[in-house]
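What follows is a short report on a single structure.
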Amino acid sequence: MKRIGLLTSGGDCQALNATMRGVVKGLSTNLDELEVYGFDDGYKGLIYGNYRMLSAKDFSGILTRGGTILGTSRQPFKLMRVPDERGLDKVEAMKQTYYKLRLDCLVILGGNGTQKTANLLREEGLNIIHLPKTIDNDIWGTDMTFGFQSAVNIATDVIDCIHTTAASHSRVFIVEIMGHKVGWVTLHAGIAGGADIILIPEIPYDIDKIVDAINKRNKAGKGFTILAVAEGAISKEDAKLSKKELKKKQEEDKKKYPSVAYKLEDELQKKLNLDIRITIPGHTQRGGSPCPYDRVLSTRLGSEAAKLILNDQYGYMVGIVNGKVKKVPLEECAGKLKMVSPDEQLVQDAKRIGISFGD
């Protein structure tokens, strides 16, 4: 008999259900007795004991279903040691729920913050397996996270659609793509969608370089320009500020601009006599069915997680490196962000074909 708990935490994405399905099918196929407890709304369910027993039926037909059948919520890692409004010790409450259900393992699907809490629970003595979920693809120790490729596909479709209207009206289009801290989605979607300028948080931009790139296209007879811009794109001036100064500046910007796309539009309008438009796909990038790539990746990661549980091997994240599924000790990857390096080969390839990064 194996008793496992499942929870999905943080922002949702398209392949959470597919990954949970992989875990449960990998276990149920190889065990005569299995009990699966699903916790509602992420760590909140584990803290307050909100759970339900799940059967094989719950995992039937969900390979292609986006979102998460368990629900999710954001529980900041920095607040995990802070008692709730009733004085409840959240970490102790999670441990009590785990021991009350006599779980053999807790399988946690989530991104960086989720992973840090997963590692905290490992340090507290619980058997933990973490599966790397995020559209941002920013988890250290794995080449790919499930949800990333699906988000790239959606963002790319948006840029594809913008091409015809941008060309018809000779406009500059700013397409704002998800990614506060890292620019993997913007980088991949920008290249795949044929964007002319790509702005990501890791490469601060010079507004004059962007203006030069747009003017260069116009002089070459190309009457439109498409900018793929990450939410967290930042100017060179702002990048030089201290953390405190930057936070204050960003708070001031929020009063004036709904997002970075509007700030960039304002900066460009002052320097260009062109028609500029903004498109923001927003949460559509997290929605819909997982793409075939993510379905395969999720099934592989889920299957490997099942293998670790069957062999009583805990305290790992299951990732993929050079095409091979790999177990990575949680203590080695928790809290580390996988950023886009300005020297990244993909960035250099993009620059070589004429894509500007505003630097």
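Exposed loop sites, defined as GluC sites (Glu not before Pro) outside DSSP H, G, I, E and B with at most 14 other Cβ atoms within 10 Å, are absent from the longest region of the chain, namely 125-359. Applying the Karplus relation 6.51 cos²θ - 1.76 cosθ + 1.60 with θ = phi - 60° to region 309-315 yields 3J(HN,Hα) values of 5, 4, 9, 6, 10, 10, x Hz, where x marks Gly and Pro.
Please report the net charge: other residues with Cβ closer than 12 Å to the Cβ of Leu310, K and R +1, D and E -1.
Details: positive: Lys2, Lys307; negative: Asp104, Glu304, Asp312.
Result for the local shell: -1.
The dipole here belongs to region 205-308: it is taken about the Cα centre, uses +1 on the Cβ of Lys and Arg and -1 on the Cβ of Asp and Glu, and is about 100 debye. Which log10 I(q)/I(0) values, to two decimals, does region 26-158 give at q = 0.11, 0.12, 0.13, 0.18 Å⁻¹ under the Debye formula with one point per Cα? Calculated log10 I(q)/I(0) at the listed q: -0.45, -0.54, -0.63, -1.15.
Distance between the pseudo-spin-label points of Lys209 and Lys270 (7 Å out from Cα toward the beta carbon): 1.9 nm. Residues whose amide H falls under 5 Å from that of Leu34, counting only those 5 or more places apart or on a different chain, are Lys2, with hydrogens built in the peptide plane.
Expressed as a whole percentage, what fraction of the accessible surface of region 233-359 belongs to carbon and sulfur atoms when a 1.4 Å probe is rolled over the protein heavy atoms?
Values: 3660 of 7400 Å².
About 49 percent, which is the carbon plus sulfur part of the accessible surface.
Of the beta bridges DSSP finds with both residues in region 28-157, what % are antiparallel, to the nearest 5? So the antiparallel bridges amount to about 40 percent of the total. Here the Kirkwood formula puts the hydrodynamic radius of the chain at 21.6 Å, using every distinct Cα pair. For region 46-149, which whole percent of the accessible surface, found with a 1.4 angstrom probe, sits on carbon and sulfur atoms? Reported share for carbon and sulfur atoms: 48 percent.
Here the average projected area of the convex hull drawn through the C-alpha atoms of region 309-359 stands at 5.4 nm².
Could you work out the relative contact order of the chain? I mean the mean sequence separation of Cα pairs under 8 Å and 6+ apart, divided by the number of residues, in percent.
Relative CO of the chain lands at 24 percent.
Candidates Ile191, Ser170, Ala151 compared by Cα position along the dipole of region 134-192: farthest toward the positive end lies Ser170, with charges placed on Cβ.
Label separation (Glu123 vs Ser55): 4.1 nm, computed from points 7 Å beyond Cα along the C-beta direction. Spherically averaged projected area of the convex hull of Cα atoms, region 263-311: 6.2 nm².
Which net charge results when you count Lys and Arg as +1 and Asp and Glu as -1 among the other residues whose beta-carbon is under 10 Å from that of Phe59?
Numbers: positive: Arg21, Lys25, Lys57; negative: Asp58.
Here the charged neighbours net out to +2.
For the Cα atoms of the chain, what angle does the longest principal axis make with the long axis of helix 112-123, in degrees from 0 to 90, nearest 10? Orientation of helix 112-123: about 30 degrees from the principal axis.
Between Lys216 and Lys254, the contour length at 0.36 nm per residue exceeds the Cα-Cα span by 10.6 nm. Is region 1-84 rounded, prolate or oblate when judged by the Cα gyration tensor, a ≥ b ≥ c being the square roots of its eigenvalues, rounded requiring a/c under 1.5 and prolate requiring a/b larger than b/c? Verdict is oblate for region 1-84. For region 240-359, list log₁₀ I(q)/I(0) at each q in 0.10, 0.17 Å⁻¹, using the Debye formula over Cα point scatterers of equal strength and ignoring solvent, two decimals each. For the requested q values the scattering log ratios are -0.63, -1.19. Residue-wise HN-Hα couplings along region 213-218, as the Karplus relation 6.51 cos²θ - 1.76 cosθ + 1.60 with θ = phi - 60° gives them from phi, are 5, 5, 5, 4, 5, 4 Hz; Gly and Pro carry x. Amide H to amide H distances under 5 Å link Leu106 with Gly5, Asn127, Ile128, Ile129, where only residues 5 or more positions off or on other chains count and H is placed in the peptide plane.
The fraction of all Cα pairs in region 157-267 landing in successive 10 Å bins from 0 to the largest distance is 14, 45, 32, 8, 1, given as whole percents.
When the dipole is taken about the Cα centre of the chain, and only Lys, Arg (+1) and Asp, Glu (-1) are charged at their Cβ, what size is it in debye, to the nearest 20?
Values: 51 positive and 45 negative charges, 28 e Å.
The dipole magnitude comes to about 140 debye.
Amide H contacts of Cys291: Ser150, each under 5 Å away and 5 or more positions distant or on a separate chain (H built 1.01 Å from N in the peptide plane; Pro and chain starts excluded).
Over the chain, give the accessible area per residue in Å² for a 1.4 Å probe, as an integer.
Values: 16220 Å² over 359 residues.
For the chain, the solvent-accessible area averages 45 Å² per residue.
Using a simple charge model, +1 on the beta-carbon of Lys and Arg, -1 on the beta-carbon of Asp and Glu, nothing else, what dipole does region 1-112 show about its Cα centre, in debye to the nearest 20?
Working: 16 positive and 12 negative charges, 21 e Å.
For this selection, approximately 100 debye.
Along its first, second and third principal axes, ordered by size, region 99-174 spans 63, 20, 19 Å in Cα coordinates. From most to least packed by mean Cβ count within 10 Å, the peptides 291-299, 49-57 give 291-299, 49-57.
The values are calculated or read from the model by the stated rules, or taken from the named source; none is laboratory data. The shown structure was predicted, so the numbers you read here are calculated from the model rather than taken from an experiment. In this analysis, Cβ positions are derived from the backbone assuming ideal geometry, glycine residues included, and neighbour counts consider all displayed protein chains. For the accessible areas, the whole protein counts, side chains as well, though only heavy atoms, and no ligand, DNA or RNA atoms are used. Shrake-Rupley method; radii C 1.70, N 1.55, O 1.52, S 1.80 Å.
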